[in-house]
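See structure below.
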Amino acid sequence: MEQRHLGRTGLRVSRIGLGTLTWGRDTDEHDAADQLKVFWEAGGTLVDTADVYGGGDAEYVLGQLLERLVPRRDLVIATKAGSVPDPDRRFDGSRGHLLAALDDSLARLGTDHVDLWQIHGFDAHTPLEETLAALDTAVSSGRARYAGVAGFCGWQLAKAGTWQLAAPGGRARLAGTQMEYSLLQRGVERELLPAALDLGIGLLPSSPLGRGVLTGKYRHGTPSDSRGASELLGPFVEPYLDETADGIVEAVLTAADGLATTALQVALAWVRDRPGVVAPIVGARNARQLSAALSVEALTLPDEICRALDDVSAPVHHYPDHDWSTL
């Protein structure tokens, strides 16, 4: 699998990442092992997790598979900290919480460092410089090799990225940012992606298949074995089961028919090769689904297909989200 640099750093990752959102909850250790083995054998390196996935079980399951199944040195392990199970405060960006969470993650993963440590969201109740200082401490102490963020909007990313560049050598520059990005969700193109490109921060798209909708599986209803049918993830899928999404899905299916491939591959290739994108993060229910996604490595969409998909899914840019001189 092709390797790409994450942002303006020396860290190289596979251009498709493996997501572990359901590991330890819907995906048991046996299925997780099958996925990790298929991913590794395909040349995949980037494995993305978080301290809250499965209440910590995702990290634990991954840790059990390291070395026993896949050499630790062959993987780029990315995890996150900052999300908390508090309805009144979704994120805790305090230095104390973050560094304690990192130590707990390392214990579950059974490793002395992670390759990419990401702040899971913006905490408006903690000074940003305190939150970012935790990244600096993690990198300077060797517990994390590189730093990033997830869930930051455009101005938050621009502020954080600029702060980290303000003292060369003294702070850990942001290598990556993780946000949802797909043909069904192109909101990052308004402000976040331009900020990332300008600051040299690589984008790691989550939900690149539109929460599964872009595969076409929901065209005629919700399959009983799909995430859309589950009590936990159904509300996550539901926003993309509308008329607008239907039109985009049909365009993807038309492109897939013309290229003799699948809707999954078309949707994933589109986002993988967008400007600023480093590696879409793919979550699968089993190894078979993951193999189908990884087969996209051989596909590059023709320019005319890209333009058609761009047109049918184009977001509406309104002032001041877009450069006013072009309006």
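Each residue in segment 187-218 was checked for being part of a loop (DSSP other than H, G, I, E, B), at pLDDT below 95 and either farther than 22 Å from ASP242 by Cα or among the charged types (D, E, K, R) (or both), and 3 of them qualify.
Restricting ALA167, ALA100, ALA158 to those that are touching a residue at least 40 places away in the same chain (Cβ under 8 Å) and more than 24 Å from LEU46 (Cβ to Cβ) reduces the list to ALA158. Sort out which residues of segment 26-42 are open to solvent by 10 Å² or more (accessible area, probe 1.4 Å) and either without any contact (Cβ under 8 Å) to a residue 40 or more places away in the chain or under 18 Å from the mean Cα position of the chain (by Cα) (or both), and write them in order of number. If the condition is that a residue be open to solvent by 10 Å² or more (accessible area, probe 1.4 Å) and either without any contact (Cβ under 8 Å) to a residue 40 or more places away in the chain or under 18 Å from the mean Cα position of the chain (by Cα) (or both), then ASP28, GLU29, HIS30, ALA33, TRP40, GLU41 are the ones that fit.
When the test is whether a residue is of a type in the set (D, E, K, R), surrounded by fewer than 18 Cβ atoms within 10 Å (Cβ to Cβ) and at pLDDT below 95, ARG90 passes it.
Residues of segment 188-243 that are in contact with a Lys or Arg (Cβ under 7 Å, 6 or more places away or on another chain) and either over 17 Å from GLY19 (Cβ atoms) or among the hydroxyl-bearing types (Ser, Thr, Tyr) (or both): GLY200, PRO223, SER226, TYR240.
Being open to solvent by less than 10 Å² (accessible area, probe 1.4 Å) and closer than 18 Å to SER206 by Cα, is that true of even one residue in segment 62-75? Within segment 62-75, none of the residues are open to solvent by less than 10 Å² (accessible area, probe 1.4 Å) and closer than 18 Å to SER206 by Cα. Counting only strands (runs of 3 or more DSSP E) that fall entirely inside segment 1-102 and contain at least 3 residues that are of a type outside the set (D, E, K, R), the qualifying elements are 17-19, 76-81.
Matching residues to (1) assigned to a loop (DSSP other than H, G, I, E, B); (2) open to solvent by 60 Å² or more (accessible area, probe 1.4 Å):
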| residue | (1), (2) |
| --- | --- |
| HIS220 | yes, yes |
| ALA245 | no, no |
| ALA279 | yes, no |
| ARG288 | no, yes |
| LEU294 | no, no |
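Of all residues being open to solvent by 10 Å² or more (accessible area, probe 1.4 Å) and of a type in the set (A, V, I, L, M) in segment 264-277, which is nearest to ARG12 (Cα to Cα)? Just the residue, please. Filtering segment 264-277 for residues that are open to solvent by 10 Å² or more (accessible area, probe 1.4 Å) and of a type in the set (A, V, I, L, M), the one nearest to ARG12 (Cα to Cα) comes out as VAL277. The set of residues in segment 163-186 being under 20 Å from THR79 (Cα atoms) and outside any helix (DSSP H, G or I) consists of ARG171, ALA172, ARG173, LEU174, ALA175, GLY176, THR177, GLN178, MET179, GLU180, TYR181. From the list ALA287, ALA263, ALA298, ALA314, the one residue that fits, being in contact with a Ser or Thr (Cβ under 7 Å, 6 or more places away or on another chain) and either in contact (Cβ under 8 Å) with a residue 24 or more places away in the chain or not aromatic (Phe, Trp, Tyr) (or both), is ALA263. Could you look through segment 1-18, keep only residues that are open to solvent by 10 Å² or more (accessible area, probe 1.4 Å) and of a type in the set (Gly, Ala, Ser), and pick out the one that is farthest from GLN164 (Cα to Cα)? Residue satisfying both the conditions and the ranking: GLY10. Scanning segment 109-147 for residues that are out of contact with any Cys (no Cβ under 9 Å at 6 or more places or on another chain), open to solvent by less than 50 Å² (accessible area, probe 1.4 Å), part of a loop (DSSP other than H, G, I, E, B) and farther than 17 Å from THR49 by Cα yields ASP123, THR126, GLY142. If the condition is being out of contact with any His (no Cβ under 8 Å at 6 or more places or on another chain) and open to solvent by less than 30 Å² (accessible area, probe 1.4 Å), then segment 150-162 contributes PHE152, GLY154, GLN156, LEU157, ALA160, GLY161. Scanning segment 62-83 for residues that are over 16 Å from LEU11 (Cα atoms), within 19 Å of the chain's Cα centre (by Cα) and not small (Gly, Ala, Ser) returns LEU62, LYS80.
The values are calculated or read from the model by the stated rules, or taken from the named source; none is laboratory data. Everything numeric here is computed off the predicted structure, so don't read it as measured data. Neighbour counts are summed over all protein chains in view; Cβ atoms, including those assigned to glycine, are modelled from backbone coordinates with ideal geometry. Side chains are part of the model used for accessible areas, which takes the heavy atoms of the whole protein and leaves out ligands, DNA and RNA. Shrake-Rupley method; radii C 1.70, N 1.55, O 1.52, S 1.80 Å.
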